[in-house]
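Please read the structure below before turning to the comments.
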Amino acid sequence: DKGGHRHFMAKEIAEQPMVIGNALRHYLTEAGDDIRLPGDMPDLGQVERLVLVACGTAYYACLTAKYWFEQLAGLPVDVDIASEFRYREPPLAPGTLAIFVSQSGETADTLAALRYCRDRVAGIVAVVNVEESTIARASDLALPIHAGAEIGVASTKAFTCQLTVLLLLALRAARARGRMDAARLADLLSALRGLPATLNTALEIDAPVREVARDLSAARSTLFLGRGLMYPLALEGALKLKEISYIHAEAYASGELKHGPIALIDETLPVIVMAPCDALFDKTVSNMQEVMARGGRIVLVSDAEGVEAAGGGTFRAITMPVTDPVLAPILYALPAQLIAYHTAIAKGTDVDQPRNLAKSVTVE
Ligand code: M6R
């Protein structure tokens, strides 16, 4: 049942405020003022290192979480793609907690990576959508993301729910390791409780997204840029676009632009810049200027302050509501998904069943 939407993907994008609200209800106390985890959750104050392993979109959720765990909690994190991890057979320090993230809980490479970790790490936690899945059962503890069934092959609501659960773990780790005071935690939890409403506002930003999508649908290739927490999101935006519109899309950390990809810039290459007006914004503006000086066409996804600060040269802008920069990857996932969705609609591709792809990759 598409609930009145044209595609499952549209329905699942629209459900995000609700399902993130569900995830928060499950992982916050009734008053919403503290994080509630199962009793058998390993103590994130004692863990020495994390290793996060996944595939595809779930891998980008892990990459985002690395920034959170390292910056907020001072906890070192290795992140890997399951298919690389399992055959590289990395040495693992005894105090390592391994976290596997999978919507389906059936991804063959992720499961094999999990099995490799058995007897090599201090604990195995799975962050899954399907609670009865093989990966959930093979782990010491499974943390459900509460996204509800995800039918569209392109993962949307599972991604933002994965991010929500991983952020809560990072906040718990930050508190347990004495890296965050109670007031900052209270601030962030309050911002998180307000997130469903902010996401609803973001879902209304339709007109500029459609205009951007119309432009992108005529492009042969696109580039996504982001810095810090927005870098993994740029990767996710590029994956979404190529999966359902078949337009080539690449993502780079903004600072890498001049180390190679700037050679691609000309008037035919749309460059999508994901950048809330945070501490790194000035650097992003100078990257944008480098692109525009070479005739590149920028789509800036930012908040009103960022769009204003970027000046008049911007090709197109999508103006987002404001949130705490720590939460920005969850909020900015929406324009990334909507750009891909509307571009696919403009091209007439099959949004829910893109060619060559399966929802769950249970073979290598
Ligand atoms: O079920 P999983 O989360 O383990 O799936 C991982 C990837 O196969 C999945 O995220 C894939 O990249 C999606 N098609 C992305 O939209």
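The values are calculated or read from the model by the stated rules, or taken from the named source; none is laboratory data. Computed from a predicted model, the values in this text were never measured in an experiment. Note that we place each Cβ from the backbone using ideal geometry, even for glycine, and neighbour counts take in every protein chain shown. Just the protein is used for accessible areas: all its heavy atoms, side chains included, with ligands, DNA and RNA removed. Shrake-Rupley method; radii C 1.70, N 1.55, O 1.52, S 1.80 Å.
Of all residues in segment 239-253, those that are within 16 Å of Ala344 (Cβ to Cβ), away from the ligand (no atom under 11 Å from the Cβ) and touching a Leu at 6+ places or on another chain (Cβ under 8 Å) total 3.
Taking the criterion of being without any contact (Cβ under 8 Å) to a residue 60 or more places away in the chain and part of a helix (DSSP H, G or I), the residues of segment 292-340 that qualify are Met292, Ala293, Ala304, Glu305, Gly306, Val307, Glu308, Ala309.
Can you confirm whether Val130 is under 19 Å from His26 (Cα atoms), part of a loop (DSSP other than H, G, I, E, B), near the ligand (Cβ under 10 Å from one of its atoms) and open to solvent by 10 Å² or more (accessible area, probe 1.4 Å)? So Val130 fits the description; yes. Among helices (runs of 4 or more DSSP H) entirely within segment 177-248, having at least 1 residues that are of a type in the set (Phe, Trp, Tyr) singles out 230-245.
Residues in segment 52-100 that are surrounded by fewer than 24 Cβ atoms within 10 Å (Cβ to Cβ), of a type in the set (Val, Ile, Thr) and under 19 Å from the mean Cα position of the chain (by Cα): Thr57, Val77, Val79, Ile81. May I ask you to list the residues in segment 220-268 that are of a type in the set (Asp, Glu) and either open to solvent by less than 40 Å² (accessible area, probe 1.4 Å) or at pLDDT 95 or above (or both)? Within segment 220-268, Glu236, Glu243, Glu250, Glu256 meet the criteria. Of all residues in segment 86-108, those satisfying the criterion of being away from the ligand (no atom under 16 Å from the Cβ), out of contact with any strand residue (DSSP E or B) (no Cβ under 8 Å at 6 or more places or on another chain) and in contact (Cβ under 8 Å) with a residue 24 or more places away in the chain are Glu89, Pro94. Scanning segment 52-85 for residues that are part of a strand (DSSP E or B) and either within 16 Å of the ligand (Cβ to nearest atom) or over 27 Å from Ser360 (Cβ atoms) (or both) gives Leu52, Val53, Ala54, Val79, Asp80, Ile81.
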